[in-house]
């Protein structure tokens, strides 16, 4: 197993990325390698200051960097030798099994769409997040930022993709799928959500249980929560700020602690032909470690293969 990591992406790259990769290397079984993609001389200088199992880390040179402020589509096209561009090339050519980055999320979406392609007729692949529950588990929420506005049929796609992901990643045979809304009643919410409700009501591919309200998110009523990326992103970042507030005041709580972005490490892009994980630009070494471990679990679950099979065979 090989996991490629964009060493140049993120607010604290490359130091935080390389350090996180080294921490992860010490948690990975023999035979699993981390492939750092970036400016080799810089990566090597950092690695020389760290202790790590040499057999667990490789480097692939990439001369360019897509900055956070750059236009995703233009930068991805104009910088094929960027760390993100090279990472996607490695993944497409199956030289690695997953690609992770805390860099420009828009560029990661562009690479996913145009280098890897979507499965079946999926229009808009979502980014999925793991939302902590009171019982110690997680629900899968999608989208959490890739698609701010969505048509009803796109929300229905999210439901199908989320159901497959929860089935093969969480091991839930018939995941319960709900729409995030301002009320439980069928006629509540925006016209888009109401229309999505009607589509999901007749969709035999998902175990649709109806609407779920914000106050029920922690209860575990649904395994998969469907929403557009604008709302999903706001919810996740509000949870992160709540963790920061609690941490500043010395409050320790298992549920609140799992709202710390470092714990999850990253979020998968679902509905594409490859394992791609994106992480916060502010990612610390601890977050990078967990991003890599998430990629490992996703590879082992073969969830992406199962999703491809469901749509294309």
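The values are calculated or read from the model by the stated rules, or taken from the named source; none is laboratory data. Keep in mind that this is a model prediction, so the values were computed, not measured. Methodologically, a virtual Cβ is constructed for each residue, glycine included, from the backbone with ideal geometry; neighbour enumeration extends over all protein chains shown.
Please report, ordered by residue number, the helices (runs of 4 or more DSSP H) entirely within the stretch 194-295 with at least 2 residues that are within 30 Å of residue 89 (Cβ to Cβ).
Working: elements: 229-248, 254-257, 261-264.
Fully inside the stretch 194-295 and qualifying: 229-248, 261-264.
Could you check residue 70 against (1) closer than 18 Å to residue 10 by Cβ; (2) part of a loop (DSSP other than H, G, I, E, B); (3) touching a residue at least 40 places away in the same chain (Cβ under 8 Å) and say which number it fails?
Residue 70 satisfies every listed condition except (3).
Here are some conditions: (1) at pLDDT below 95; (2) over 20 Å from residue 231 (Cα atoms). Residue 165 meets all but one. Which one does it not meet?
(1)
For residue 220, all conditions in the list (1) at negative phi; (2) outside the structural domain of residue 34 (by TED's automatic domain parsing) hold save one; what is the number of the exception?
(1)
Within 20 Å of residue 43 (Cβ to Cβ), touching a helix residue (DSSP H, G or I) at 6+ places or on another chain (Cβ under 9 Å) and buried (at least 22 other Cβ atoms within 10 Å of the Cβ): is that true of residue 102 in this structure? Walk me through how you get there before you give the answer.
Details: within 20 Å of residue 43 (Cβ to Cβ): yes; touching a helix residue (DSSP H, G or I) at 6+ places or on another chain (Cβ under 9 Å): yes; buried (at least 22 other Cβ atoms within 10 Å of the Cβ): yes.
Criteria met by residue 102.
Does the stretch 296-313 hold any residues that are under 20 Å from residue 159 (Cα atoms) and in a helix (DSSP H, G or I), and which are they? I'd like the intermediate steps shown before the answer.
If we filter the stretch 296-313 for residues that are under 20 Å from residue 159 (Cα atoms), which is where we start, we get 298, 301-313.
Within the stretch 296-313, 298, 301, 303, 304, 305, 306, 307, 308, 309, 310, 311, 312 meet the criteria.
Looking at residue 31, is it in a loop (DSSP other than H, G, I, E, B), over 22 Å from residue 106 (Cβ atoms) and either touching a helix residue (DSSP H, G or I) at 6+ places or on another chain (Cβ under 7 Å) or assigned by TED's automatic domain parsing to the domain that holds residue 62 (or both)?
In short, yes.
Rundown of residues vs (1) surrounded by fewer than 23 Cβ atoms within 10 Å (Cβ to Cβ); (2) in contact (Cβ under 8 Å) with a residue 24 or more places away in the chain; (3) assigned to a helix (DSSP H, G or I); (4) under 15 Å from the mean Cα position of the chain (by Cα), yes/no style:
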position: 37; (1), (2), (3), (4): no, yes, no, no
position: 87; (1), (2), (3), (4): no, yes, yes, no
position: 109; (1), (2), (3), (4): no, yes, yes, yes
position: 120; (1), (2), (3), (4): yes, yes, no, no
position: 129; (1), (2), (3), (4): no, yes, no, yes
position: 144; (1), (2), (3), (4): no, yes, no, yes
